[in-house]
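Peer 1: First the structure, then my questions, so here it is.
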Amino acid sequence: MKYFLFLPLVVLLAGCSGLSSSKHSSTTADARFAKIADDFLAGFLAWRPATGTGLGLHEYDGKITDLSQASIQQELARLKRFDHELAAFPTQSLSPQSLQDYHVLRTGIANELFSFEDTESYTRNPMTYAGAIDVNIYIKRDFAPLEERVRSIIAIEKQAPRIIAAAHANLEATLAKPYVETAIEVANGSADFLGKELIEALKDVKKETLMREFNAVNTAAIASLRSYADWLKNEKLPIAHNHYALGREKFQRMLRDGELIPLSPEKVLEFGLQLLHREQEAFAAAAHEIDSSQKPIQVFKAIQKDHPTAAGLIPDTRKNLEAIRQFLVDHHIVTLPSEVRVKVEETPQYARATSFASMDSPGPFEQKATEAYYYVTPTEADWTPQQKEEWLTAFNYYTTDVVSIHEAYPGHYVQFICQQASAATKLEKIFSSYAFVEGWAHYTEQMLLDEGFGASTAADPTPAEKLRAAKYRLAQSDEALLRLCRLCVSIKTHCEGMSVDDATKFFQDNCYYEQKTAHQEAMRGTFDPGYLYYVLGKQQLLKLRRDYQQQEGAKYSLQKFHDEVLRHGCPPVRLLREIMLQDKRQWDELF
């Protein structure tokens, strides 16, 4: 009997010893990884102080990245060193949360290395330097006394000559034409901002000695930017080339390492074209329901006439936004962890040239300037009646509500407040997946309409109610067509050699844009191949939702799914599959 009584005890002790050893191993590995991550972040933010300020870490205020060749090479070497160290790390010993952080950090580093080595941002892209003197945050967010922020602006603007000197030293002899053309616009736009909107924003600063110093360095910074734009126009533009495509190998690496999507560009393009044709059919069907006698694009232009007045733009947007928020509550779409509303305001004057509507949330570590703003760009007083009318058509009630869904409820703003209320780690708050952030916001546009927003709840809706629902669906479909065209153009541009002119025509033919806007979208595709992630993120979330619903069965609810998705920061969606699904799917089942 003693042996039988003793044997279970031995087994029990052995089991406890194993568990204790495993727990100790995990704790040790977690601590070791945390030390590596902290060391990495210290150098990461020190080299990118503007990122630190944007995150709400104000020890980085007034600092700017050293873009000298020596500094760039040092940072590249540091990234590689940490990448190699992490690649050799024994991840099997990490706890689930530390393993999640590990993958978030690895993808963050991969995206940085891609920028340094594959897109070669510091040697091939003149926009890197044109937009480096960025002091917007110091006037748009009140995180410190104004005079203190002016001192930070002065410290940054003093570095303008060094930034432009670095551009001259680092950039290749010949550059891609779309990059040069865009960099000229950015440099001149930055100079305009410094010379107009920045000065206007600081008009209430009373300290004369401080403003004299500001005016001197601001004038010098403007001169540096103007000279840079002139140099690009006179020296670089005449000899510019059109070799901006990444090529298939780099493009696939961008997908695989940065977003953990190992599908081939060809497979993604095939998928995108199928979705594009399906969405065009949905657009046509919604238009037919509204007016079967007109072409779909004519129907869409007709509904654009249903818009607010210039005076009513902000009040109407504010009122409708509250209605959208209430829909989330009433229909249990997602748990809203805060009663604090986003503030609907006119877009600041300095940002109106490039913004239609935008979300400005504070950084995740911001402690003082915690307000979030949903900016809507109004008409200008000196515009003609025709110009005002043309501008307001873009703010037709249906499109504006779809944009509000994307930007605020339950798009970017809800994403922000859920992250703030969650137990997301430092790494999860600092590193964001392009596909997740924009994919979530794009996903919500369709999701909310699928859940009944804009439609009648009556069993037998009236013709007017059916018409209203069709108009919302047409506006949402228009937004989806744009993002699908971006996906196709991104791959065709960087893997098949599509020209800017052909890309422009693709937007005109497939999402029905006018030439000027289509050309702008085509130009963006040359230097932002990642704009295909709006669609890829959305489609990954739709697939994750289907799989999660199948797994949860009777326990599933849409609110439960959304709450779980939004409590882990903004990681690549592939990492959410690891967290949320018990049955790990194959890569080719991501969509």
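Peer 1: So what's the net charge close to Ile154: Lys and Arg +1, Asp and Glu -1, counting the other residues with Cβ under 15 Å from its Cβ?
Peer 2: Around Ile154, the surrounding residues sum to 0.
Peer 1: What is the stretch 254-538 by shape, rounded, prolate or oblate, if you read a ≥ b ≥ c off the alpha carbon gyration tensor as root eigenvalues and call it rounded for a/c under 1.5, prolate for a/b larger than b/c, and oblate otherwise?
Peer 2: Rounded, because the longest to shortest axis ratio a/c is under 1.5.
Peer 1: What share of the DSSP beta bridges in the chain is antiparallel, in percent to the nearest 5?
Peer 2: 40
Peer 1: Could the peptides 448-456, 369-377 be put in order, highest first, of the mean number of other beta-carbon atoms found within 10 Å of their residues?
Peer 2: Peptide ranking by packing, descending: 369-377, 448-456.
Peer 1: Now for a different question. Using only Cα positions of the stretch 102-223, each an equal point scatterer, no hydration layer, compute I(q)/I(0) via Debye at q = 0.15 Å⁻¹ and quote the log10 values to two decimals.
Peer 2: Listed by q, the Debye log ratios stand at -0.79.
Peer 1: Next question, about the same structure. Mind checking which of Ile333, Thr393, Thr462 is farthest towards the positive end of the chain's charge dipole, using Cβ charges of +1 (Lys, Arg) and -1 (Asp, Glu) about the Cα centre?
Peer 2: Ile333
Peer 1: Same structure, new question: Between Thr309 and Ser358, what FRET efficiency follows from the Cβ-Cβ distance if R0 is 30 Å, with the result rounded to 0.05?
Peer 2: 0.85
Peer 1: Using a 10 Å cut-off on Cβ atoms, rank the peptides 105-112, 407-414 from the highest mean neighbour count down.
Peer 2: By packing density, highest mean first, the sequence is 407-414, 105-112.
Peer 1: Related question: 222 nm [θ] for the chain, helices only, -39500 (n - 2.57) per DSSP H run of 4+, per residue, to 500?
Peer 2: The helix contribution divided over the chain gives -20500 deg cm²/dmol.
Peer 1: How big is the antiparallel share of DSSP beta bridges in the stretch 317-391, given as a percent to the nearest 5?
Peer 2: 50
Peer 1: Identify, among Ala381, Thr317, Gln92, the residue whose Cα sits farthest towards the positive end of the charge dipole of the chain, taking +1 on the Cβ of Lys and Arg and -1 on the Cβ of Asp and Glu, with the dipole about the Cα centre.
Peer 2: Projecting each Cα onto the dipole axis, the largest value belongs to Gln92.
Peer 1: Pairs of alpha-carbon atoms within less than 8 angstrom and 6+ residues apart define the contacts here; what relative contact order does the chain have, in percent?
Peer 2: Dividing the mean separation by the residue count of the chain yields 15 percent.
Peer 1: Of Phe214, Ala160, Ser190, which is farthest towards the positive pole of the stretch 127-239's charge dipole, taken about the Cα centre with +1 and -1 on the beta-carbons of Lys, Arg and Asp, Glu respectively?
Peer 2: Phe214
Peer 1: Straight-line reach from Lys233: which lysines fall under 16 Å, measuring Cα to Cα and dropping same-chain residues less than 8 apart?
Peer 2: Lys177
Peer 1: What ranking of Arg468, Arg149 emerges when the number of other C-beta atoms within 10 Å of each C-beta is taken as an exposure proxy, fewest first?
Peer 2: Arg468, Arg149
Peer 1: Treat every Asp and Glu Cβ in the stretch 260-305 as -1 and every Lys and Arg Cβ as +1, leave all other atoms uncharged, and give the resulting dipole magnitude about the Cα centre to the nearest 20 debye.
Peer 2: 200
Peer 1: Whole Å is fine, so just give me how far the alpha carbon centre of the stretch 460-490 lies from that of the stretch 229-302.
Peer 2: Centre-to-centre distance over Cα atoms comes out at 18 Å.
Peer 1: Sort His288, His519 so the one with the fewest other Cβ atoms within 10 Å of its own Cβ comes first.
Peer 2: Placing the least packed residue first, the sequence is His288, His519.
Peer 1: Quickly work out the Ala155-to-Ile297 label distance, labels modelled 7 Å from Cα along the C-beta direction, and quote it in nm with one decimal.
Peer 2: Those two pseudo-labels are separated by 5.2 nm.
Peer 1: Something else: If the chain between Gln69 and Arg341 were fully stretched, how many nm would it gain, using 0.36 nm times the residue separation less the Cα-Cα distance?
Peer 2: 93.4 nm
Peer 1: Right, here's the next one. What's the magnitude of the charge dipole for the chain around its Cα centre, counting Lys and Arg as +1 and Asp and Glu as -1 at the beta-carbon? Answer in Debye, nearest 20.
Peer 2: 1140
Peer 1: Here is a further query. For Ala87, project a label point 7 Å along Cα to C-beta. Then give me every residue of the stretch 256-270 with its amide nitrogen under 16 Å of that point.
Peer 2: Within reach of a label on Ala87: 256-258.
Peer 1: Setting aside same-chain residues fewer than 8 positions from Lys267, which lysines have a Cα under 28 Å from its Cα?
Peer 2: Lys250, Lys492, Lys505, Lys538, Lys543, Lys584
Peer 1: For Asp583 and Lys368 in the same chain, what is the full-extension length gain: residue separation times 0.36 nm, less their Cα-Cα distance, in nm?
Peer 2: 73.1 nm
Peer 1: Pull out a ≥ b ≥ c, the square roots of the eigenvalues of the alpha-carbon gyration tensor of the stretch 51-123, then state rounded if a/c is under 1.5, prolate if not and a/b is larger than b/c, and oblate in the remaining case.
Peer 2: Oblate shape, in that a/c is at least 1.5 and b/c is the bigger or equal ratio.
Peer 1: If you stretched the chain out fully between Ala216 and Ala459, how much longer would it get, using 0.36 nm times the residue separation minus the C-alpha to C-alpha distance?
Peer 2: 80.6 nm is the gain from fully extending Ala216 to Ala459.
Peer 1: Sticking with this one: Which pairs in the list Lys295/Lys466; Lys196/Lys319; Lys158/Lys196 are over 27 Å apart, alpha-carbon to alpha-carbon?
Peer 2: Cα-Cα > 27 Å for Lys196/Lys319; rest within.
Peer 1: Can you sort Thr444, Thr462, Thr400, Thr174 by how many other beta carbons sit within 10 Å, fewest first?
Peer 2: Sorted ascending by nearby Cβ count, the order is Thr462, Thr174, Thr400, Thr444.
Peer 1: Please list the three semi-axes, largest first and in whole Å, of the ellipsoid equivalent to the chain, using sqrt of 5 times the eigenvalues of its alpha carbon gyration tensor.
Peer 2: Semi-axis lengths for the chain are 39, 35, 25 Å.
Values quoted throughout were computed directly from the atomic coordinates according to the rules given, and no laboratory measurement underlies them. These numbers were taken from a predicted model, which means no experiment stands behind them. Using ideal geometry, Cβ is built from the backbone for each residue, glycine included, and neighbour counts are taken over all protein chains shown.
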